[in-house]
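The structure appears below as structure tokens.
The values are calculated or read from the model by the stated rules, or taken from the named source; none is laboratory data. Everything numeric here is computed off the predicted structure, so don't read it as measured data. Reconstructed Cβ throughout: ideal geometry from the backbone, glycine too, with neighbour counts over all protein chains shown.
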Amino acid sequence: MAADKNTIVTNHPDGTQTTEVVDWTAEELAAHAEADAKAWEGARQAAYPSWQDQLDMQYWDGVNDTTTWADAIAKVKADNPKGDA
Amino acid sequence: MATIVNGSTGVSQVQETVTLKVISTGSVPSLEAKGTSGVTSGYLKLNCSENSHGIKLLGPPHSAGADYTLTFPNNDGDAGQFLQSNGSGVMSWAAAGGGGVTYLGTMNTTSGTEQQIASLDLTDVNILLFVYNQVSHTSGSAQRLTLGIGGNTLYGWGNTISAAQGLAGMLQIDLRNNIGAWEMSQQTPITSGNQWASSYAGHIIYSLGNNLRASSNTTVKVGMSGATFDNGSVNVYGLN
């Protein structure tokens, strides 16, 4: 979720720093809403095992007749449902 | 004026208080600093006011076979300019040549929702380089990056970054065609030792809408979908 206000920290050429707190613009609010709507994608991406680990899971599932890989993917999807920011 | 003349070879010594004004002709120099065989090329020495220090203007060695004329510029040039030759020994003042990397500033992404650097002169910059150093945010949900150059903002580029992750990597934008690319990793921030994390890559077409290389007063900014920064920094460099 975006912060309530936009806190802009500006670094000036003379080394000084100023901070300004302003309302988000309509364009920024729209961008934030779009980002929030897609946040589940990022959450899933962060939660999925690496592709190396996934391939390893699939190999051993084939050898052992287990569903470790499918279970792991399903859990990530369940924990991070679409549209849930 | 006391001048000592050494026979037919010319002046060998001039009294120190004498000011010389000698004339050059089309074929004869006003002064000729002769060398000594096997010892040194000819040189002129310019002393300090106390005559305790001095610099030498020394000719090339005999082995160079050098016979050329350097003609100085008609004026004293502008600040920061360098002397250049036209290939025939005629010198002029010129700006420093291209190349090199200029450090433009750092945005400490430890606070605020947007960090920016103001008043950047990008007129000589061909490539703008952003180096992200473990940038993270406090938002409860994963967020994408925001990039602003000269008042134009690109929202939501790159992979999403969760609050627990830090983002490290580079984004470079070619200001001549507004196309960029990035290589980033997003992992739990590395806090000690020598560690590594996997990375992601992608490219950007950035619709600047104007020619930033024509501006000497440009602001660049970074954000993360309005989330509040809580770690890291972004260094900005210009490749000339």
Q | Only one of B:A201, B:A197 that is over 24 Å from B:G238 (Cα atoms), of a type in the set (G, A, S) and either modelled with pLDDT under 75 or more than 27 Å from the chain's Cα centre (by Cα) (or both) | A | B:A197
Q) When you scan segment B:105-131, how many residues do you find that are within 19 Å of A:T10 (Cβ to Cβ) and in contact with a Ser or Thr (Cβ under 9 Å, 6 or more places away or on another chain)? A) 17
(Q) Testing A:G42 on (1) loosely packed, with under 15 Cβ neighbours inside 10 Å; (2) within 14 Å of chain B (Cβ to nearest Cβ); (3) small (G, A, S), one condition comes back false. Which one is that? (A) (1)
Q) What is the residue count in segment B:130-152 for residues that are of a type in the set (S, T, N, Q), within 10 Å of another protein chain (Cβ to nearest Cβ) and under 16 Å from B:E183 (Cα atoms)? A) 1
Q: Quickly run through segment B:98-125 and pick out the residues that are among the hydroxyl-bearing types (S, T, Y), under 22 Å from the mean Cα position of the chain (by Cα) and assigned to a loop (DSSP other than H, G, I, E, B).
A: B:T123
Q) How about segment B:134-185: which of its residues are among the charged types (D, E, K, R) and closer than 22 Å to A:G42 by Cα? A) B:R144, B:E183
(Q) Tell me whether segment B:165-178 contains one or more residues that are outside any loop (DSSP other than H, G, I, E, B), at pLDDT below 90 and within 14 Å of chain A (Cβ to nearest Cβ). (A) yes
Q: Being assigned to a strand (DSSP E or B) and at pLDDT 90 or above narrows it down to one of B:K34, B:K56, so name that one.
A: B:K56
Q) Among the residues of segment A:45-55, which ones are small (G, A, S) and at the interface with another protein chain (Cβ under 8 Å from one of its Cβ atoms)? A) A:A46, A:S50
Q: Within segment A:26-37, work out how many residues are more than 7 Å from chain B (Cβ to nearest Cβ) and either of a type in the set (A, V, I, L, M) or not in a helix (DSSP H, G or I) (or both).
A: 5
Q.
Give all pairs with beta carbons closer than 9 Å in which a residue from segment B:108-126 that is within 8 Å of chain A (Cβ to nearest Cβ) meets a residue that is basic (K, R) and outside any strand (DSSP E or B); count only pairs at least 6 apart in sequence or on separate chains.
A. B:T113/A:K5
**Q.** Matching option when the condition is under 30 Å from B:I127 (Cα atoms), hydrophobic (A, V, I, L, M, F, W, C) and surrounded by 10 or more Cβ atoms within 10 Å (Cβ to Cβ), among B:A33, B:A79, B:A66, B:A94
**A.** B:A94
Q: Check segment A:11-24 and report whether any residue there is closer than 22 Å to B:S162 by Cβ and at the interface with chain B (Cβ under 9 Å from one of its Cβ atoms).
A: yes
Q. List pairs: first in segment B:26-38 and of a type in the set (A, V, I, L, M), second modelled with pLDDT under 90, Cβ under 9 Å, 6+ apart or cross-chain?
A. B:L31/B:L20; B:L31/B:V22
**Q.** Condition met for B:N159 (modelled with pLDDT of 90 or more and surrounded by 15 or more Cβ atoms within 10 Å (Cβ to Cβ))
**A.** no
